[in-house]
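Notes follow the structure.
The values are calculated or read from the model by the stated rules, or taken from the named source; none is laboratory data. Nothing here was measured: the structure is a model prediction, and the numbers come from that model. Every residue, glycine as well, gets a Cβ built from its backbone with ideal geometry; the counts of neighbours run over all protein chains shown. Just so you know, the surface numbers come from the protein's heavy atoms only, side chains and all, with ligands and any DNA or RNA stripped out. Shrake-Rupley method; radii C 1.70, N 1.55, O 1.52, S 1.80 Å.
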Amino acid sequence: MRITDKDVSYVADLAHLDLTAEERARFGAQLDSILGYVEQLNELDTSSVAPMAQVLTAQRENETLREDKLRPCLPVDVALANAPESGAGHFKVPKVIER
Amino acid sequence: MTALLEKYEPVIGLEVHVQLLTQSKAFCGCSTRFGAPPNSQTCPVCLGLPGALPVLNRRAVELGVKASLALNCEVRGVSGFARKNYFYPDLPKGYQISQYDQPLAEHGWIDIREGGAPKRIGITRLHLEDDAGKSVHDGFGDSAKRSYVDLNRSGTPLAEIVTEPDMRGSNEAHEFLTRLKEILLYLEVSDCNMEEGSLRCDANVSVRLRGAEKLGTKAEVKNLNSFRFLKQALDYEIDRQIAVLESGGTIHQETRLWNTAEQRTIGMRSKEQAHDYRYFPEPDLAPLVVGDAWREEIRATIPELPEARRARFIASYGMTEYNAGVLTSSKAIAHYFEEAAKSSGDARAAANWVMGDVLGQLNTAGKTIEASPVSAPALGELLKLQSSGAISGKIAKHVFLKMFETGRGAREIVDSESLAQISDTAALEKIVAEVIAASPKQVEQYKGGKTTVIGFLVGQVMKATRGQANPAAVNELLRKALE
């Protein structure tokens with residue numbers, strides 16, 4: 001196994017997730033198998049191919065930009081509709097302290 | 001502390017965020033207007049709702065390129081966006097869209113002048129990104145238990161400008177930010193309003209023994225929301241780090257917040273590896289292409305920048321560096337001066353009036369030059385009346401105040417208050433004779449060789465004419481009468 005318990009704890013911590021020892025073991029094994037699967041791609045020689053994160057290759061500059069024009073916004077009540085808690089036109093969340 | 005500052009050298013780099021002056025947000029069509037009711041300027045994109053797709057604002061790119069070119073940066077033909085992942089309630093997507101390993105522009109510089117010799121401050125990079133929303137932690141009934149989130153600002157386009165660690169004290173940092181702000185205002189890429197958060201500054205600060213090559217461990221100081229705080233916070237932080245080192249301690253790499261009330265920087269509670277943002281390429285955006293033609297089209301829109309304008313004012317109007325600095329401190333002031341100089345035909349007088357009476361009165365009235373009740377051509381008219389001898393310098397000051405109060409023209413005020421200068425010899429001769437008759441002592445002194453006393457006599461004539469007599473004519477008539 002390449003994914004260690006420490007790796008899982010670290011990523012869980014970045015994601016603000018509290019995992020039990022049992023969960024860490026389970027997710028570690030799952031992550032390991034996912035990464036192992038993706039790792040098969042390393043069999044291909046890509047040394048002469050530029051890394052690509054987008055299938056839209058940049059050909060011309062304007063085709064993926066929009067003009068600086070206003071479009072209608074959502075009404076406040078609609079914007080807040082999915083919030084578990086809201087008030088005074090705001091989303092309300094448990095008191096935040098800078099991490 | 002002075003002795004310690006001879007031992008240690010502060011090293012400062014700045015990260016400046018400026019809000020770009022677009023109508024709509026970076027990746028959606030919501031308004032960027034400041035001060036709207038909370039959460040009234042949002043849509044699925046800037047709320048981070050699942051499935052919403054960002055589309056980049058062309059104007060934001062143009063403004064970013066314009067700023068990059070003015071800061072002498074090389075603009076990349078192809079740059080890219082990445083996701084910077086972190087969790088905070090005012091960041092609904094769970095990541096900020098920013099530029100990471102392919103920023104819009106790099107390798108720039110601006111020259112600053114701090115204590116004489118010019119110094120070049122390197123600009124590492126300028127990149128585009130979107131802003132987070134605003135968290136409100138106080139002021140509501142349940143603020144002890146709840147934070148309030150307003151997402152109007154979420155998705156507003158920002159340019160982040162990062163400098164090299166080239167500054168060696170708070171004065172240089174202050175000067176750099178002043179110059180940078182001036183350039184950005186001239187370019188009209190941002191309103192740079194610090195109170196509204198359109199210009200925000202963080203600083204990386206470290207100290208090292210003078211002569212040492214290796215940089216000391218740095219602290220990032222945040223919350224520098226005014227020029228005054230920037231200087232205070234940097235001075236505090238430099239002193240703090242020196243004190244730590246002097247007492248045998250070590251500096252920890254950390255983020256510290258400037259606390260205005262307590263006048264000190266305070267370390268934020270942060271975990272060891274809190275700065276792992278797990279950047280990866282933003283799959284929802286295509287690479288950003290800025291070709292040569294577009295780049296040059298944008299370059300052509302760059303106006304004369306403050307440094308060039310100062311040099312031109314010094315060369316073509318023969319003014320001092322100080323005066324050129326005052327008159328180019330904003331684009332509007334420079335424009336006002338040049339217009340007044342042109343319409344009056346007297347650049348020297350225009351410069352003195354703008355720097356003195358105009359800026360003075362505006363300052364007293366709390367107005368900007370754009371809102372001046374006396375327009376530049378109106379000032380030009382006043383100056384022409386003075387230089388032609390129609391009104392005296394003293395009366396000109398009075399007329400200016402009236403113009404400022406009422407918005408009326410100089411000619412109109414002079415005519416309606418009969419303020420025109422008396423150059424009519426017959427009328428003046430009569431007053432001169434009266435003054436001589438009333439001042440036997442001074443007349444005797446004059447005749448006894450103390451010719452400087454004529455100043456007193458001129459003053460008496462001016463007083464009798466409420467300042468309207470032409471002083472040169474009065475002088476001549478007095479001399480004639482006394483000899």
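List the residue pairs whose Cβ atoms are under 8 Å apart, where the first residue sits in the stretch B:31-50 and is facing another protein chain (nearest Cβ under 8 Å), the second is open to solvent by 10 Å² or more (accessible area, probe 1.4 Å) and among the charged types (D, E, K, R), and the two are 6 or more positions apart or on different chains.
B:Pro38/B:Asp150; B:Asn39/B:Asp150; B:Gln41/B:Arg33; B:Cys43/A:Arg71
Which residue is farthest from B:Met268 (Cα to Cα), if the candidates are limited to the stretch A:66-98 and must be more than 7 Å from every other protein chain (Cβ to nearest Cβ) and acidic (Asp, Glu)?
Checking each candidate, the answer is A:Asp77.
Pairs only if they're at least six apart or on different chains, beta carbon under 6 angstrom, first in the stretch B:328-348 and open to solvent by less than 60 Å² (accessible area, probe 1.4 Å) and modelled with pLDDT of 90 or more, second among the β-branched types (Val, Ile, Thr) and not in a helix (DSSP H, G or I); list them, first residue then second.
Listed by first residue and then by second, the contacts come to B:Ala334/B:Thr328.
Output the residues belonging to the stretch B:292-302 that are open to solvent by 20 Å² or more (accessible area, probe 1.4 Å) and either without any contact (Cβ under 8 Å) to a residue 24 or more places away in the chain or within 12 Å of B:Gly77 (Cα to Cα) (or both).
Our first condition is that a residue be open to solvent by 20 Å² or more (accessible area, probe 1.4 Å); within the stretch B:292-302, this holds for B:292-293, B:295-297, B:299-302.
The answer is B:Asp292, B:Ala293, B:Arg295, B:Glu296, B:Glu297, B:Ala300.
Answer yes or no as to whether B:Ala60 is within 13 Å of chain A (Cβ to nearest Cβ) and either crowded, with 20+ Cβ neighbours inside 10 Å or among the hydrophobic types (A, V, I, L, M, F, W, C) (or both).
Numbers: within 13 Å of chain A (Cβ to nearest Cβ): yes; either crowded, with 20+ Cβ neighbours inside 10 Å or among the hydrophobic types (A, V, I, L, M, F, W, C) (or both): yes.
Considered against the rule, which asks whether it is within 13 Å of chain A (Cβ to nearest Cβ) and either crowded, with 20+ Cβ neighbours inside 10 Å or among the hydrophobic types (A, V, I, L, M, F, W, C) (or both), B:Ala60 comes out as yes.
Say we look at the stretch B:107-150 and pick out the residues that are open to solvent by less than 70 Å² (accessible area, probe 1.4 Å), in contact with a Cys (Cβ under 9 Å, 6 or more places away or on another chain) and not charged (D, E, K, R); which of these is farthest from the other protein chains (Cβ to nearest Cβ)?
B:Ile123
Can you give me the number of residues within the stretch B:88-122 that are of a type in the set (A, V, I, L, M) and free of Cβ contacts under 8 Å to residues at least 40 places away in the same chain? I'd like the intermediate steps shown before the answer.
Just the residues of the stretch B:88-122 that are of a type in the set (A, V, I, L, M), to begin with: B:91, B:97, B:104-105, B:110, B:112, B:117, B:121.
So of that shortlist, the ones also free of Cβ contacts under 8 Å to residues at least 40 places away in the same chain come out as B:117.
The number of residues fulfilling the criteria is 1.
Exactly one condition in (1) part of a loop (DSSP other than H, G, I, E, B); (2) out of contact with any helix residue (DSSP H, G or I) (no Cβ under 6 Å at 6 or more places or on another chain) is not met by B:Ser190; state its number.
The single condition B:Ser190 does not satisfy is (2).
Within the stretch B:88-106, is even one residue within 11 Å of chain A (Cβ to nearest Cβ), farther than 18 Å from B:Gly155 by Cα and modelled with pLDDT under 95?
yes
Checking the condition closer than 30 Å to B:Gly360 by Cβ, surrounded by fewer than 14 Cβ atoms within 10 Å (Cβ to Cβ) and either in contact with a helix residue (DSSP H, G or I) (Cβ under 8 Å, 6 or more places away or on another chain) or at pLDDT below 80 (or both), which residue from B:Ala472, B:Ala438 passes?
Answer to the selection: B:Ala472.
Check the stretch A:9-30 and report whether any residue there is assigned to a loop (DSSP other than H, G, I, E, B) and within 7 Å of chain B (Cβ to nearest Cβ).
Taking the stretch A:9-30 as the starting set, the residues that turn out to be assigned to a loop (DSSP other than H, G, I, E, B) are A:15-20.
With within 7 Å of chain B (Cβ to nearest Cβ) added as a condition, the list becomes A:16.
Scanning the stretch A:9-30 turns up at least one residue that is assigned to a loop (DSSP other than H, G, I, E, B) and within 7 Å of chain B (Cβ to nearest Cβ).
I'm trying to understand the selection: among the residues of the stretch A:50-70, which are modelled with pLDDT under 70 and in contact with a strand residue (DSSP E or B) (Cβ under 8 Å, 6 or more places away or on another chain)?
Taking the stretch A:50-70 and keeping what is modelled with pLDDT under 70, we get A:57-62.
If the condition is that a residue be modelled with pLDDT under 70 and in contact with a strand residue (DSSP E or B) (Cβ under 8 Å, 6 or more places away or on another chain), then A:Ala58, A:Gln59, A:Arg60, A:Glu61 are the ones that fit.
Anything in the stretch B:14-48 that is part of a strand (DSSP E or B) and of a type in the set (Gly, Ala, Ser)? List them, or say none.
Matches in the stretch B:14-48: B:Ser24, B:Ser31.
Of the conditions (1) hydrophobic (A, V, I, L, M, F, W, C); (2) modelled with pLDDT under 90; (3) open to solvent by less than 70 Å² (accessible area, probe 1.4 Å); (4) not in a loop (DSSP other than H, G, I, E, B), A:Leu41 clears all except one; give me its number.
Only one criterion in (1) hydrophobic (A, V, I, L, M, F, W, C); (2) modelled with pLDDT under 90; (3) open to solvent by less than 70 Å² (accessible area, probe 1.4 Å); (4) not in a loop (DSSP other than H, G, I, E, B) is unmet by A:Leu41, namely (3).
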